[in-house]
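First up is the structure itself, then whatever we jot down about it.
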Amino acid sequence: MNSNTELAPAVRSILEAARDRSGGDGVVDVDARSLPDALAAAEADGRVPVIAEVKPTSPTAAGTRADDPVELARAMVAGGAAAISVLTEPTHFDGSPAALTRVREAVDVPVLRKDFVLEEDGMDVVDADLLLLIARFVDDLDGLVAAARDRGFQPLVEVHDRAELERAIDAGAEIVGVNNRDLARLEVDLETFESVAPEVPDDVTLIAESGISSPADARRMRAAGADALLVGSAIMDHGAGDSDVTENTRRLARAESTETEQI
């Protein structure tokens, strides 16, 4: 793990909890749905490819949603989401592997497991189509990317700066997410994606993560080179109903085809 930068206390707590969690009883073997194919299908349909996140709560969220994750995921797909991300971290995000399993059974789009996987055995918890690996938090990124692929996952390697991007590319990452949130301070700046995106090879699927709260933000990230957008809080809109989740997703997915107001 890159320890050169002091992490926010909430992030340190998340990582400590992740280290204390055990892996699964055996090695998973996943028959994954293709994220690149799902993004291409969204593009062909005139939609901005959105990966909508089922996130009951988080250290930066204003409140908690107790809705059935399956109903939330279905509402997101109804709004045009190309894929779904599900938090499985239980302590700080109220997520669970069981919720991911139920969502994956209920929708026909790729599902990303969003968690803090630090070691190989942390992968063997639940089947998903994609698995998040955060470059800043792991030492053997090459080994984890290979281990994820061995299990059938499509690894999504998250980076925050050009040095982390270089590590991801050297590890063979084919799907890269640039997180606009600085996990050291939990501050968001969309210029982060704009500064890193030009260095990403053309054959890498590039995802803009965090801080995308309006159609204007979506267009900005797309103009900077994002193949897809990972959006959580702006879609979940803690306190709103399922119909609002559908509409929030739709407004982002149609951001390039219509002028809309901010969510």
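The values are calculated or read from the model by the stated rules, or taken from the named source; none is laboratory data. Keep in mind the model is a prediction, meaning the values are calculated, not measured. Note that we place each Cβ from the backbone using ideal geometry, even for glycine, and neighbour counts take in every protein chain shown. Ligands, DNA and RNA are excluded from the accessible area calculation, which covers all protein heavy atoms including side chains. Shrake-Rupley method; radii C 1.70, N 1.55, O 1.52, S 1.80 Å.
Here Ala78 does not qualify as of a type outside the set (D, E, K, R), open to solvent by 60 Å² or more (accessible area, probe 1.4 Å) and without any contact (Cβ under 8 Å) to a residue 40 or more places away in the chain. Inspect the range 19-28 for any residue being within 19 Å of Val103 (Cα to Cα), of a type in the set (Val, Ile, Thr) and more than 17 Å from the chain's Cα centre (by Cα) and give the result as yes or no. The answer is yes; a qualifying residue exists. Looking only at the range 136-155, how many residues end up being touching a strand residue (DSSP E or B) at 6+ places or on another chain (Cβ under 7 Å) and touching a residue at least 60 places away in the same chain (Cβ under 8 Å)? Number satisfying all stated conditions: 2.
Identify the residue in the range 24-41 that is under 18 Å from Glu209 (Cα atoms) and of a type in the set (A, V, I, L, M) and, among all such residues, is surrounded by the most Cβ atoms within 10 Å (Cβ to Cβ). Checking each candidate, the answer is Leu35.
Listed by first and then second residue, the pairs linking a residue in the range 193-210 that is in contact (Cβ under 8 Å) with a residue 40 or more places away in the chain and under 21 Å from Ala83 (Cβ atoms) to a residue that is surrounded by 13 or more Cβ atoms within 10 Å (Cβ to Cβ) and of a type in the set (D, E, K, R), with Cβ atoms under 8 Å apart and 6 or more places separating them unless they lie on different chains, are Thr205/Glu174; Thr205/Asp227; Ile207/Asp227; Glu209/Glu158; Glu209/Arg181. Here Leu190 meets the list (1) under 16 Å from Ala228 (Cβ atoms); (2) in contact with an Asp or Glu (Cβ under 6 Å, 6 or more places away or on another chain) almost entirely, failing just condition (2).
Residues that are out of contact with any Gly (no Cβ under 7 Å at 6 or more places or on another chain) and surrounded by fewer than 21 Cβ atoms within 10 Å (Cβ to Cβ) were ranked within the range 241-253; the one that is farthest from Met76 (Cα to Cα) is Gly241. One residue is enough: does the range 88-101 have a residue meeting the conditions over 16 Å from the mean Cα position of the chain (by Cα), modelled with pLDDT of 95 or more and open to solvent by 20 Å² or more (accessible area, probe 1.4 Å)? Yes, the range 88-101 contains at least one residue that is over 16 Å from the mean Cα position of the chain (by Cα), modelled with pLDDT of 95 or more and open to solvent by 20 Å² or more (accessible area, probe 1.4 Å).
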